[in-house]
Amino acid sequence: MPDPLVPGTAAAELVATLAARRQTVATAESLTAGLIAATIAGVPGASVVLRGGLIVYATELKSTLGGVDPERLAADGPVSESTAAALAEGAATRCGATWGVGITGVAGPDPQDGHPPGTLYLGIAGPGGTVVTRPPVRGDRWDIRAGAARAAVSGLLTRVRGAAGM
């Protein structure tokens, strides 16, 4: 039986592309709580490219584990562009990976710090710098979390291909 997290994602393409380029990835995940890393790990051969992941669900762990500057975290909040960028950079640095993915947002069902469910910040750090996007995700709590993981895998694949000039 295939891993249930992989179908409907670009995870197999991502693993193959990273492996071909001899590059690696690490994650720092808040609302997805490890789903991105688990999705990548669901592809046979992922151990060649997946360095590891940090689950930074609690706000203070975004700083202590994820590398977000505590003053910036206090000023911008845990659900922000700067937090996603710092998490991506922290994942890559702390895990010694070519690429880092940082994700933060609100899965719901209730708003958090004035942000409605479905708010999502996705940071991807790697060759060429760090980019933060806000992929649209909708639905219930699971739909938002699963959609965020799919968006992260797809977004990383796009960045990896772009960094190689493809």
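What a 1.4 Å probe finds exposed on region 1-149 is 54% carbon and sulfur by accessible area, rounded to a whole percent.
Considering only THR83, ALA38, ALA58, the residue lying farthest towards the positive end of the dipole of region 9-97 is ALA38, judged by Cα position with unit charges set on Cβ. Working note: Debye formula, equal point scatterers on the alpha-carbon atoms of region 39-95, no solvent; log10 I(q)/I(0) at q = 0.13, 0.14, 0.26, 0.30 Å⁻¹ is -0.36, -0.41, -0.96, -1.16. Share of pairwise Cα-Cα distances greater than 21 Å in region 1-143 is 40 percent (whole percent). Sorted largest first, the spans of the alpha carbon positions of region 11-71 along the three principal axes are 39, 19, 14 Å. As a rough guide to protection, the peptides 90-102, 70-82 ranked by mean Cβ packing within 10 Å, highest first, stand as 90-102, 70-82. Of all DSSP beta bridges confined to the chain, the antiparallel ones make up roughly 55%. From most to least packed by mean Cβ count within 10 Å, the peptides 18-28, 57-67 give 18-28, 57-67. Averaged over its residues, the chain has an accessible area of 46 Å² per residue, based on protein heavy atoms and a 1.4 Å probe.
The values are calculated or read from the model by the stated rules, or taken from the named source; none is laboratory data. Since this is a predicted model, take the numbers as computed values, not measurements. A quick note on method: Cβ atoms are made from the backbone with ideal geometry, for glycine too, and the neighbour counts reach across all protein chains shown. Areas reflect the complete protein model, heavy atoms only, side chains present, ligands, DNA and RNA absent. Shrake-Rupley method; radii C 1.70, N 1.55, O 1.52, S 1.80 Å.
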